[in-house]
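Structure first, then comments.
The values are calculated or read from the model by the stated rules, or taken from the named source; none is laboratory data. All figures in this text were calculated on a predicted structure; none of them were measured in a lab. Please note: Cβ atoms are built from the backbone with ideal geometry, for glycine as well, and neighbour counts cover all protein chains shown. The protein model used for the area step is the full one, side chains on, heavy atoms only, and it has no ligands, DNA or RNA in it. Shrake-Rupley method; radii C 1.70, N 1.55, O 1.52, S 1.80 Å.
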Amino acid sequence: MTTTPSFPGALPAGTTRVIRGRILHFLRDPQFHDDGYEYWEDGALLVRGGRIVAAGAYDDLSSRIPADAELIDYRGKLIVPGFIDTHIHYPQTDIIASPSPGLLHWLDTYTFPEERRFAEPAYARAVAEFFTDELLRNGTTSALVWSTVHATSADALFAASEARNLRMITGKVMMDRNCPEFLRDTAETGARDSADLMSKWHNKGRLAYAITPRFAPTSTEAQLAACGELARAYPDAFIQTHVAENRDEVKWVAELFPDARSYLDVYDRYGLLRPGAFYGHAIYLDPDDRRRLADSGAAVAHCPTSNLFLGSGFYDFHQSDAHRLNVTLATDVGGGTSFSMFRTMNAAHKVARMGGYHLTALRMFYLATRAAADALGWADRIGSFEAGCEADFVVLDPDATPLISRRSSRSETLEEQLFAFAMLGDDRVIEDVYVMGQAVGERTVLAAAA
Ligand code: GUN
Ligand code: ZN
């Protein structure tokens, strides 16, 4: 048996695929539950029809393997559910790593001029293709993605995701003030375009829609009210926005909304706090905000590389845990500096350390998989290897580079091995990526062989 799969042929319907390797997934938050995860050193996934049939120790499952099953041997590699990035801007792909003194300058100087280009459908399509491929190269199989204000930019991302059979969410940005004229919608057109996109894409196959007001400063009260109406009309739509990212921004919101108790309260007043709502950054919150966030069931998208790069601030894990916030991990490209969830973990760990908090690698892998699936309400679909879940997973190579290999060989515990991936890893450790049980690139290989 080789450790490199050769994808020997198209699987007849009903054929079981057996993936053998070191298998890890999460059931609950390992920070609070000793039995939060399952790990099998010599494990296997049984996959049929693109879904997980079973996960467990290879010896325990071997009696359930049909004679005609196809075995793919990854012994020695670590197999985890595909990563879920809960906040990433696809139109900012090409302005990643743009130097700036901070958020508001960065938006004006780089972000808005680049987002203007997405009015052109062919441009949007080309970036959406690159973006989805780059996500996959980094082991991210699902994401809550930002488009631009142009409805066609969301169309392009949905189409690229559909072509790759990805479980993805996006929405057109809504902003009707405090931004350049060329990126402005109105309360009416923003709501109408969002509703049109929802009827076209929401719950189509693996796709779903997110109502996407950019942030409080770029929406009038009328537009926020329209967002709230949309949210009521579509109770299973996702919601995404930014909150309390930067001190100047927080001050600006206080001036724009003098009646609101806090920045978060602006959104609360318009009915935008609920399960399936994702708040990017959430750094400058007070205890009432955190209580309200926790009670509402909304989630935080923690974006550590972006918060460091733009000098925005440090997410407070002590307070987050004290209130049991639904925290998830996100890259926030292009404010964030990497598509890699490993680089994101690296930054998350260091940010937590600056606050005197030890963020374990187990917790970080949980945040990047099951925590996001739970916050999305999709734990029955993605984020773990529970039976019935869609078989999106990644194969990690502990010997991907000479240094990672040396460190891996010294790892005495699972935590140490995961920590080595989190601190040293990036796209180089992603050996293979599977979407609905099929390796990315497999269809191309099979088509070429036919
Ligand atoms: N706040 C409003 N828009 C943005 C954006 O595009 N990126 C980040 N990081 N923060 C924002
Ligand atoms: Zn963002």
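How high is the relative contact order of the stretch 137-186, in percent, with contacts defined as C-alpha pairs under 8 Å that are six or more residues apart?
On the way: 61 pairs, mean separation 19.7, N = 50.
39 percent.
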Listed residue pairs exceeding 31 Å between alpha carbons, taken from Lys172/Lys251; Lys77/Lys350; Lys204/Lys251: Lys204/Lys251
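Ignoring ligands, DNA and RNA, what percent of the accessible area of the stretch 224-322 is carbon or sulfur (1.4 Å)?
Values: 1880 of 3710 Å².
In the stretch 224-322, the share of accessible area belonging to carbon and sulfur is 51 percent.
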Leu107 - accessible surface, heavy atoms, 1.4 Å probe, Å² rounded to 10: 10
For the stretch 360-417 versus the stretch 223-288, the gap between their alpha-carbon centres in whole angstrom: 31
Sequence-distant residues sharing a close amide H with Ala277 (under 5 Å, placed H): Ile239, Ala299
Long-range HN-HN contacts of Leu71 with modeled amide H, under 5 Å: Val18
Whole-Å distance, taken between Cα centres, linking the stretch 142-213 and the stretch 22-96: 30
For the chain: relative contact order, % (alpha-carbon pairs under 8 angstrom, 6 or more apart): 18
Among Tyr58, Ser340, Val351 the positive-end extreme of the charge dipole of the chain (Cβ point charges): Tyr58
19 Å reach of a label modelled at Thr413, 7 Å along Cα-to-Cβ, counting backbone N of the stretch 393-407: 407
Inter-site label distance for Thr360 and Arg232 at 7 Å from Cα along Cβ, in nm: 4.5
Nearby aspartates and glutamates by direct alpha-carbon distance to Lys200 (threshold 12 angstrom, same-chain neighbours under 8 apart not counted): Asp155
For the stretch 73-207, size of Cβ-based charge dipole, Lys and Arg +1, Asp and Glu -1, in debye: 520
Dipole of the stretch 196-305, positive end: most advanced residue of Ala237, Cys303, Ala277 [Cβ charges, Cα centre]: Ala237
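Under unit Cβ charges (Lys, Arg +1; Asp, Glu -1), what dipole magnitude, rounded to 20 debye, does the chain have relative to its Cα centre?
Values: 44 positive and 60 negative charges, 57 e Å.
Taking the Cα centre of the chain as origin, the dipole is about 280 debye.
Treat every Asp and Glu Cβ in the stretch 332-450 as -1 and every Lys and Arg Cβ as +1, leave all other atoms uncharged, and give the resulting dipole magnitude about the Cα centre to the nearest 20 debye.
Working: 11 positive and 16 negative charges, 98 e Å.
Dipole size: approximately 480 debye.
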Per-residue HN-Hα couplings for the stretch 365-377 [Karplus 6.51, -1.76, 1.60; θ = phi - 60°; Hz; x = Gly/Pro]: 5, 4, 4, 7, 10, 5, 4, 5, 4, 4, 5, 7, x
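With a probe of 1.4 Å, find how much accessible area the chain has per residue, and write the answer as a whole number in Å². Mind dumping the intermediate values first?
Values: 16760 Å² over 450 residues.
The answer is 37 Å² per residue.
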Estimated inter-spin distance, Asn178 and Ala163, nm [label 7 Å along Cα→Cβ]: 3.7
For Val327, residues with placed amide H under 5 Å, excluding near neighbours: Val300
Note, ³J(HN,Hα) from phi for the stretch 125-132, Karplus 6.51, -1.76, 1.60, rounded to Hz, x at Gly and Pro: 4, 5, 5, 4, 5, 4, 4, 5
Helical contribution to [θ] at 222 nm, DSSP H n ≥ 4, -39,500 (n - 2.57), averaged over the chain, rounded to 500: -10000 deg cm²/dmol
